[in-house]
Structures are given as structure tokens and as C-alpha cells.
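The values are calculated or read from the model by the stated rules, or taken from the named source; none is laboratory data. Keep in mind the model is a prediction, meaning the values are calculated, not measured. In this analysis, Cβ positions are derived from the backbone assuming ideal geometry, glycine residues included, and neighbour counts consider all displayed protein chains.
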């Protein structure tokens with residue numbers, strides 16, 4: 001019985017984290033983009049427009065669930081969940097603090113990348129089942145993009161894992177405690193700076209944000225694979241996107257920025273989740289910054305960049321850091 | 001460039017024409033069937049820039065005006081041909097591809113045709129629309145269109 | 001390309017006779033059968049800059065053929081003009097090129113003045129040049145921003161709106177309207193420059209070059225934007241001439257033709273400015289040429305403001321103007337190119353025929369030549385770089 005209760009509690013906790021994160025991120029995205037664009041952003045619904053997202057959710061939930069006749073019913077209806085469920089599963093091994101984790105997996109980052117690699121399947125499915133040319137092109141683009149950028153994403157995570165000598169999030173974070181030379185925090189971003197940049201670029205692509213928002217590419221494909229979706233089905237696709245942003249930033253924090261630890265001082269257990277969340281949101285802010293100011297790549301340039309630049313560079317970097325780690329540890 | 005010079009160029013190409021210098025500039029009038037030859041000759045003589053083609057309903061027929069320019073010398077020439085209602089003039093797109101849209105527009109709005117046009121579809125209006133740049137088609141208000149007169 | 005067949009309905013090839021007993025030509029198994037996709041881009045699409053409908057034949061993401069389908073905004077302005085008096089014409093001509101109304105108005109005023117032999121006071125000419133240059137900047141701003149958006153950059157668009165707002169405020173103070181001005185009439189302009197217009201204009205002049213520089217850093221200085229624009233939508237000089245392109249599109253292909261220099265009208269003969277030229281004729285050249293044109297317009301406005309003559313803003317023109325029978329052509333260099341008004345009068349109170357030589361209409365003619373061979377993403381950028389205004393194309 002207590003096992004069942006524990007599972008239920010964790011499940012509810014994850015859902016709460018995902019939903020609250022979605023609500024906060026939508027508001028944050030609007031306000032951050034507005035600031036970057038010399039606009040004001042939402043400011044009518046509630047104080048400082050804080051209730052805008054709530055109003056949006058209410059709108060999405062009460063909208064009529066429309067499905068065009070020539071769409072493939074089964075696939076069309078399933079696709080949003082196939083996009084959403086992996087995004088939800090990716091939360092499982094994310095450790096907010098040494099104890100606050102849904103399930104302690106020895107292979108945390110690997111699990112995250114593995115479930116997220118199922119997202120393109122749902123995207124292609126949504127694009128194909130919509131029976132719309134725009135959606136089809138959007139879905140195909142998304143698949144090509146995600147397959148190309150998953151490789152450097154995984155390779156870039158290898159560096160920190162090699163230094164820590166483990167795939168366990170707790171041990172990776174623990175390996176980042178303390179300082180070098182007494183004042184530099186032992187965060188892996190410093191020795192793994194190249195891997196960090198590859199990770200930042202690849203995760204921007206994995207979360208499909210400008211300059212890599214190929215599958216949506218508003219000015220070309222209008223809304224890409226989610227063209228024909230409305231109501232809460234669209235809401236799920238949207239929510240998955242925001243939760244992917246959180247995942248990308250959270251994994252980056254675990255691998256490169258010392259997880260829940262404050263620099264220089266020992267972090268009390270109660271403060272750890274707050275530190276972690278703040279770090280994650282700082283990461284998300286930088287992702288939004290890039291989104292607000294950069295133009296979009298063209299599809300062929302994007303794939304060329306992934307296969308011809310990012311993957312070779314990350315391969316060389318993995319070999320190089322492997323050799324250096326071996327030499328130093330001797 | 002005086003209109004007579006243009007007429008000489010056309011005469012050398014075997015196209016008879018009637019030149020006149022008007023307020024508009026150098027105007028040359030010729031047979032509708034020879035307009036493609038005339039424009040080809042003008043292109044060869046350095047009139048490299050095609051400005052416009054449009055038609056006017058003179059009340060008896062459709063007058064087509066071709067406006068070309070030599071960019072370097074900044075000489076404008078207006079070629080005018082007269083075609084009967086529902087008549088035709090050869091398409092001149094092989095000399096000036098710029099004319100492609102304008103010929104489609106003139107065809108539907110004035111009811112003339114341009115044999116040789118590679119894509120002779122309607123451009124601006126839908127099927128069944130009157131050639132309303134003709135004087136016989138009156139401008140009507142929205143109310144008149146909606147409520148047929150008793 | 002073997003095995004590729006078009007699903008376009010134009011099957012003009014006759015079916016050859018088959019030997020008896022055969023149902024089809026024994027051409028073997030097509031191992032890689034692909035189909036072309038016909039995509040309808042527009043008329044409701046974020047990047048067709050109005051109600052343009054592009055029919056595009058795609059092989060994967062590559063454009064095989066493209067056709068511009070226009071007319072969704074056709075209001076029959078040329079026909080309507082035949083039932084308007086000369087002083088009423090501004091109202092409908094503003095709605096032709098709604099982004100730069102002053103240019104159409106001025107072209108019509110110049111044509112009428114030529115036909116009716118009306119003298120224009122020097123001050124009126126200078127005011128016309130002033131408002132046209134301001135309008136050119138506003139129009140180029142509203143081109144530059146959306147072309148950034150076509151490439152995916154949202155921020156420059158909203159930055160440029162800030163400067164455009166300053167110009168529109170000035171134009172509103174001068175003419176009483178932000179876009180549908182109806183200010184330039186045959187004989188001059190409707191009213192004199194209002195007192196105190198100097199301050200807001202100088203405020204804009206003070207920031208114009210600096211703020212535009214910021215936008216240039218954001219767009220032209222961005223590696224992604226350059227990668228998207230360079231070598232995309234190349235228009236060779238001979239192609240530009242063949243399709244009768246004018247304005248910045250023609251100049252970015254390296255052909256030096258600007259009506260303001262070639263046949264100076266209004267105050268341009270007395271003003272010092274440069275005509276920027278491109279070398280390659282790609283989308284990036286068109287971007288550079290237009291940005292430089294804004295800088296030159298700022299220079300022109302400064303000179304016009306400093307040297308604004310005293311005097312009347314209009315000459316005496318009869319309300320019911322009846323120009324003698326005749327035919328004239330007058331043109332101005334609008335932000336999109338040579339905008340001409342071909343006016344035919346039969347001596348009556350309304351024009352017998354008014355033809356608007358629309359520059360964007362001819363610039364769009366290059367679409368098929370320009371887009372074939374590029375990708376969908378290139379198509380959006382190439383089309384955007386032409387600076388099309390559908391109000392003027394459809395008329």
C-alpha cells in the first residue's frame with residue numbers, strides 16, 4: 001500500500017511540476033520576448049498579466065475539439081500524446097536535490113535522451129496524419145532535424161560523464177562540488193566548455209526554437225506539423241515544447257553547472273531545489289534570448305551544420321577529453 | 001529621340017509605321033499584326049527596358065499602347081496599335097518577357113487576345129467577369145449590383 | 001531526375017499507340033517513383049506580404065516551378081478613376097500603393113500639371129519631395145522589418161516600427177492622415193507645412209542613422225541572416241531588364257537607373273544624394289541597397305528641411321479642372337521603382353483613361369524565373385526581398 005502511495009505521490013508531483021512549469025514558462029516567454037522586442041507583453045489579465053496563461057488554458061480546454069474529415073483518425077488523435085508522454089517521462093530522473101527525485105536511475109541523462117528521441121515519431125505522425133502538405137513538410141523537417149542533432153547532444157554529454165565516471169545524476173553533481181585553486185567552482189562547464197557550447201546549440205535544436213524552429217518555421221510553414229490541431233490537442237503539443245525546454249535546461253544544469261549546489265558554500269538540503277530551479281530558469285532565459293534575437297537557418301544549412309561541423313567537433317572533443325582525463329587521473 | 005527616327009528603325013525592319021511627336025513623346029502608330037516585329041526591331045536597337053502595355057477603349061476599337069525605353073539614352077517610345085473589339089495582337093513576350101502579366105490583364109479587362117502567350121489565363125478577375133475597362137461596361141455601386149433594378 | 005513525373009494536369013504529350021495485347025509500355029519497375037507536390041502558398045499565409053497566391057510545384061523542398069496568382073485585392077482603380085474628378089483622385093490613388101501614398105499622388109499631380117499646363121510653386125515642389133522621402137523611409141522600414149521576419153528574426157521588425165511611428169506622426173501632422181494622405185493635388189499641396197513641424201522631424205533625423213545602424217547590426221551583421229540572404233534569389237542584370245524591373249531591384253543588379261537622377265522632378269534636381277548600387281543582384285544586395293537608400297533619404301530630408309523655400313504652397317487651380325484633350329506620361333521613383341501615371345483626357349472633367357504603371361507588378365513578373373531551383377525557405381526570402389505591395393499590384 002505504501003508503495004502504491006509513493007508512486008502516486010511521485011506521479012502527482014511530476015504532473016504538478018510539468019504543469020506549473022508550463023504555466024510559468026508561457027508567461028515568461030511572452031514577457032521576455034516582449035522586452036526583447038520593445039513591447040509590453042500581456043498586462044490586462046490579472047496583475048501584470050499574470051493570469052494570462054490561466055485564461056489561455058481555460059480557452060484551450062473549452063475549445064471545440066475539431067478534426068478535419070480527411071485526417072487519419074487514429075494517428076491524428078494519438079500523435080499529441082506520443083509527443084507529450086516522452087516529454088513527461090523525461091522528468092523522471094531529473095534530480096532537484098539529493099533526495100527530491102522521482103526515480104533514482106543510474107543512467108539518468110541516457111534515459112532522458114532515450115525517451116526524448118521518441119518525440120520525432122509523434123511529430124512525423126502528427127504531420128502525416130493531418131493530411132496537409134504544410135504539416136507533412138513540417139513533420140519531415142522535424143524528424144530530420146532531431147535525428148541530426150541528437151548525435152551531438154549525446155556526444156556532448158559524454159565529456160562530463162567521463163570526468164564524473166558515472167551516468168548517475170547524483171554522482172555527476174557530487175563530482176562538481178568544491179573548487180579548483182580555492183576559488184573556481186568545480187563546475188564541468190569550465191573543462192568542458194566546447195562540450196557545453198555543443199550541448200547548448202543541440203538542445204536549442206532539440207527543443208525546436210529559433211534559429212532551429214524548422215518544424216514550425218512560421219514564415220514558411222505557418223505552424224508546421226501542428227497546423228491542423230486545435231483545442232487541448234494543440235495544448236499538449238505546446239506543453240510538450242515547454243517541458244522540453246525545462247528538460248534541456250535541467251540536464252544542462254546537472255551536467256555542466258553543478259546541479260543544485262551553490263558555488264563556494266555547502267548547500268543546505270532545503271535550499272537545493274530552489275537553487276536548481278533558479279539555475280534551470282536562468283538557462284531557459286538564455287534560450288529565450290537566442291529565440292528572440294536570431295533569424296532562422298535554412299533546412300539544408302542546418303543539417304550541414306549538424307553533420308559537418310557539430311558531430312565531427314564533438315567526436316574530436318570526446319577523444320581529446322578522454323585522453324586528457326586518462327592522463328590527469330594517472 | 002524624334003518619332004521619325006523610330007519610324008526609320010521600323011522601316012529598316014520592314015514594318016511600315018506613322019510617326020508623330022506629341023505631348024506624350026515619340027508616338028509611332030502601326031498595324032497590330034506587325035507589333036511583335038516592331039518591338040523585336042526596337043529591342044535590337046537598344047530599347048532594352050519595357051515599361052508598360054495597356055489598352056484604351058476609344059469608343060470604336062481597343063487601342064493598345066506599348067511603352068519602351070532605351071535606358072542608356074533615356075529615350076521613350078510609345079507604340080500604338082488598334083485592334084477591334086475581341087480582336088487580337090501577337091504576343092510580344094519573346095522580345096520583352098515583362099509583358100506577360102500585362103497581356104493577360106489587357107486580355108481580360110478589354111476583351112482582346114494575344115496569340116502566342118505561353119500562359120493565357122485570367123490574371124486579376126474571375127471567370128465570367130465583364131471586360132470592364134471597356135466604356136460600355138458601367139461602374140455600378142454595390143447596391144445596384146446587389147439589388148437588380150426593377 | 002529519372003522516374004520523376006509531374007502531376008500537373010497539362011498532359012500535352014499524345015499517348016503513343018501500343019502494340020496489340022499490351023496494356024502499358026513495358027518500361028520496367030520504377031525503383032524510385034516520386035511525385036511532385038503542388039503547394040498553394042497564400043493568399044492567407046504569413047509571408048506573402050498581403051493577398052498574394054503563389055502556386056508552387058515542389059520536388060521535396062525544392063521549387064520546380066512557381067506562378068504568381070494575383071488579383072485578390074483588385075478594386076478596379078483604373079476604372080474608378082474614369083468617374084472621378086481630378087481633385088478627387090488622391091482618395092483612390094492612395095489605396096493603390098498603400099505603403100507610400102505620396103508617390104502615387106505626386107505622379108498623378110505631375111501628369112495632370114503637364115497636361116493642363118499648371119505652374120507649381122517652388123515651395124510646393126520642395127514639400128512634395130520632403131513628404132515623398134519621408135514616405136520612402138517609412139516604406140523601406142516596413143520592408144526591412146518583414147524581410148527579417150521572413151528569415152525568422154522577429155526583433156528588428158518591432159524596432160523599426162518605433163522609427164516608422166515617428167515618421168507617421170510627422171506625416172499625420174502635415175497631411176492629417178497616417179497612410180491615406182490625399183495631400184498632393186494638381187497645382188501644389190493641400191496646405192502649408194504646419195508650424196512646429198521642425199522639432200519632431202529633427203528628432204527623427206537625429207536618431208534615424210543611429211537606430212538604423214542597430215538594425216543593420218541585428219540583420220546584416222548576423223551570420224545566419226547573411227547565410228540566408230547571400231546568393232539567394234540572384235537576379236542577373238539582363239533578367240532584371242527582361243522583366244521590366246525597376247527601383248532597388250534593378251539597382252541591386254548593378255544597373256544604375258534612378259528617375260530622381262535620370263529625370264529630376266520636384267526638388268531632386270537641386271539636392272545632393274547618391275544612388276546605391278548592388279553587384280551580385282541577390283537578396284542580400286537588395287537588402288544593402290534599400291538600407292543605404294534610407295541613409296540617403298535621411299540626407300535628402302536634412303537638405304530639404306534646411307533649404308525649404310518661402311512662398312505659396314499651391315497655385316490657383318480650378319476645382320472643376322478640365323485639362324485639354326491629350327495624353328501624357330509622368331513617373332516618380334517610388335520605393336518600389338518607377339511608378340508612372342499614363343493619363344488620357346478628352347477635355348472632360350474626369351480622365352478618359354488612367355493607367356497606373358505599377359513597379360511591383362512588373363517586379364513580381366520575375367517570380368517564376370527567380371524561385372525555380374530554390375528551396376521553400378529561399379522562396380520566402382526571395383519573394384520578400386522584391387518588396388511587393390499587393391494593393392499596387394492588383395490595383
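General observations
- Residue C:315 vs. criteria in contact with a strand residue (DSSP E or B) (Cβ under 8 Å, 6 or more places away or on another chain) and surrounded by fewer than 19 Cβ atoms within 10 Å (Cβ to Cβ): yes
- In the range C:331-348, residue farthest from the chain's Cα centre (by Cα) [restricted to those that are more than 10 Å from chain B (Cβ to nearest Cβ) and closer than 26 Å to residue C:389 by Cα]: C:341
- Criterion violated by residue C:143 - all others in (1) more than 14 Å from chain A (Cβ to nearest Cβ); (2) modelled with pLDDT under 90; (3) under 29 Å from residue A:291 (Cβ atoms) satisfied: (2)
- Residue A:90 out of contact with any strand residue (DSSP E or B) (no Cβ under 7 Å at 6 or more places or on another chain), surrounded by 15 or more Cβ atoms within 10 Å (Cβ to Cβ), touching a residue at least 60 places away in the same chain (Cβ under 8 Å) and within 25 Å of residue A:285 (Cα to Cα): yes
- Members of the range C:208-228 that are closer than 27 Å to residue C:133 by Cα and either part of a loop (DSSP other than H, G, I, E, B) or at the interface with another protein chain (Cβ under 9 Å from one of its Cβ atoms) (or both): C:218, C:219, C:220, C:221
- Here residue A:130 meets each of (1) at pLDDT below 85; (2) more than 24 Å from the chain's Cα centre (by Cα) with one exception, condition (1).
- Tally, over the range B:2-45, of residues that are more than 15 Å from the chain's Cα centre (by Cα) and within 11 Å of chain C (Cβ to nearest Cβ): 5
- Whichever residue in the range A:30-85 is outside any loop (DSSP other than H, G, I, E, B) and on the phi > 0 side of the Ramachandran plot and, among such residues, is nearest to the other protein chains (Cβ to nearest Cβ): A:49
- Out of C:368, C:346, sole residue that is surrounded by fewer than 24 Cβ atoms within 10 Å (Cβ to Cβ), in contact with a strand residue (DSSP E or B) (Cβ under 7 Å, 6 or more places away or on another chain) and closer than 27 Å to residue B:69 by Cα: C:368
- Members of the range A:237-277 that are under 19 Å from residue A:186 (Cβ atoms), assigned to a helix (DSSP H, G or I) and either without any contact (Cβ under 8 Å) to a residue 60 or more places away in the chain or more than 16 Å from the chain's Cα centre (by Cα) (or both): A:252, A:253, A:272, A:275
- Within the range C:82-114, if we keep just the residues that are touching a helix residue (DSSP H, G or I) at 6+ places or on another chain (Cβ under 9 Å) and outside any helix (DSSP H, G or I), the residue that is farthest from residue C:352 (Cα to Cα) turns out to be C:99.
- Answer from A:61, A:66, A:29 - the residue that is under 30 Å from residue A:133 (Cβ atoms) and crowded, with 17+ Cβ neighbours inside 10 Å: A:29
- Selection of the range C:167-214 for residues being at positive phi and surrounded by 14 or more Cβ atoms within 10 Å (Cβ to Cβ) yields C:176, C:182, C:187, C:188.
- Test for residue C:154: is it within 20 Å of residue C:49 (Cα to Cα) and away from every other protein chain (no Cβ under 14 Å): no
- Within this structure, residue C:130 passes the test of being within 21 Å of residue C:315 (Cα to Cα), touching a helix residue (DSSP H, G or I) at 6+ places or on another chain (Cβ under 8 Å) and not in a loop (DSSP other than H, G, I, E, B).
- Set B:48, B:75: member being within 21 Å of residue C:245 (Cβ to Cβ), within 11 Å of another protein chain (Cβ to nearest Cβ) and at pLDDT below 90: B:48
- Residue among C:52, C:93 that alone is under 15 Å from residue C:394 (Cβ atoms) and within 14 Å of chain B (Cβ to nearest Cβ): C:52
- In the set (1) surrounded by fewer than 23 Cβ atoms within 10 Å (Cβ to Cβ); (2) in contact (Cβ under 8 Å) with a residue 24 or more places away in the chain; (3) not in a helix (DSSP H, G or I), residue A:210 fails one condition alone, (1).
- Residue within the range C:320-330 that is surrounded by fewer than 24 Cβ atoms within 10 Å (Cβ to Cβ), more than 14 Å from chain B (Cβ to nearest Cβ), modelled with pLDDT of 85 or more and touching a strand residue (DSSP E or B) at 6+ places or on another chain (Cβ under 9 Å) present: yes
- Every residue from the range A:162-191 that is at pLDDT 85 or above and within 30 Å of residue C:152 (Cβ to Cβ): none
Here's the yes/no breakdown for (1) part of a helix (DSSP H, G or I); (2) more than 30 Å from residue A:301 (Cα to Cα); (3) at pLDDT 85 or above:
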residue	(1), (2), (3)
C:355	no, yes, yes
C:361	yes, yes, yes
C:370	yes, no, yes
C:377	yes, no, no
C:384	yes, no, yes
C:388	no, no, yes
C:392	yes, yes, yes
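- Positions within the range B:82-100 being over 11 Å from residue B:114 (Cα atoms), away from chain C (no Cβ under 14 Å) and out of contact with any strand residue (DSSP E or B) (no Cβ under 6 Å at 6 or more places or on another chain), in sequence order: B:84, B:85
- Residues satisfying the stated conditions in the range C:285-323, i.e. touching a helix residue (DSSP H, G or I) at 6+ places or on another chain (Cβ under 7 Å), farther than 25 Å from residue C:171 by Cβ and without any contact (Cβ under 8 Å) to a residue 60 or more places away in the chain: C:285
- Test result for residue A:232, over 19 Å from the mean Cα position of the chain (by Cα) and either at pLDDT 85 or above or surrounded by fewer than 21 Cβ atoms within 10 Å (Cβ to Cβ) (or both): yes
- Scope the range C:69-81; condition on the phi < 0 side of the Ramachandran plot, within 8 Å of another protein chain (Cβ to nearest Cβ) and touching a helix residue (DSSP H, G or I) at 6+ places or on another chain (Cβ under 7 Å); matching residues: C:70, C:74, C:80
- Positions within the range A:127-145 being surrounded by fewer than 24 Cβ atoms within 10 Å (Cβ to Cβ), more than 12 Å from chain C (Cβ to nearest Cβ) and closer than 21 Å to residue A:205 by Cα, in sequence order: A:143
- Candidates are the residues of the range C:160-207 that are within 14 Å of chain A (Cβ to nearest Cβ) and in contact with a helix residue (DSSP H, G or I) (Cβ under 6 Å, 6 or more places away or on another chain); the one that is farthest from residue C:129 (Cα to Cα) is C:160.
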